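Chemist: Before I ask anything, let me first share the structure, which is written out below as structure tokens.
The values are calculated or read from the model by the stated rules, or taken from the named source; none is laboratory data. Remember, predicted model here, so these are calculated numbers, not experimental data. A quick note on method: Cβ atoms are made from the backbone with ideal geometry, for glycine too, and the neighbour counts reach across all protein chains shown.
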């Protein structure tokens, strides 16, 4: 979020709660601490493959249970980082969207978007799309 054109109040971090990568997470927390801003950790998820087999759509209680599980995964992934950086305000943002869409959707008000890069040095599809479609500055941090 920005209060004025020059005042950054939020950094957006793309994080896979199932496999959080240390480099981007550490970089985002360090920036948030240094800048004194909130960190929005965005975790995108999708329905499990079994959802496609349901003949009458997805019952709300199933969707809610799946989302609760994703929220818990993100909370667990960020727990050690919250302990290490208690001064950083963290907003957990779990989105039922493709990862790049979730990040680009949150980028309009962000002072910075932080995404990871694969260990092989290649830009993945998420990083490429965020760089292409993002509405503000992006940093791609190696794993």
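Chemist: Output the residues belonging to the stretch 125-134 that are in contact with a strand residue (DSSP E or B) (Cβ under 9 Å, 6 or more places away or on another chain) and free of Cβ contacts under 8 Å to residues at least 40 places away in the same chain.
Modeler: If the condition is that a residue be in contact with a strand residue (DSSP E or B) (Cβ under 9 Å, 6 or more places away or on another chain) and free of Cβ contacts under 8 Å to residues at least 40 places away in the same chain, then 127, 131, 134 are the ones that fit.
Chemist: Right, something else. Would you tally the residues in the stretch 104-120 being modelled with pLDDT of 85 or more and part of a loop (DSSP other than H, G, I, E, B)?
Modeler: Counting residues in the stretch 104-120 that are modelled with pLDDT of 85 or more and part of a loop (DSSP other than H, G, I, E, B) gives 2.
The rows are residues; the columns are (1) farther than 17 Å from residue 33 by Cβ; (2) surrounded by 15 or more Cβ atoms within 10 Å (Cβ to Cβ); (3) modelled with pLDDT of 90 or more.
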site	(1), (2), (3)
75	yes, yes, yes
83	no, no, yes
90	no, yes, yes
93	yes, yes, yes
102	yes, yes, yes
122	yes, no, no
127	yes, yes, no
143	yes, no, no
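Chemist: Out of all the residues in the stretch 44-54, is one or more at pLDDT 95 or above, in a loop (DSSP other than H, G, I, E, B) and touching a helix residue (DSSP H, G or I) at 6+ places or on another chain (Cβ under 6 Å)?
Modeler: We begin by selecting, within the stretch 44-54, every residue at pLDDT 95 or above; these are none.
No, the stretch 44-54 has no match at all.
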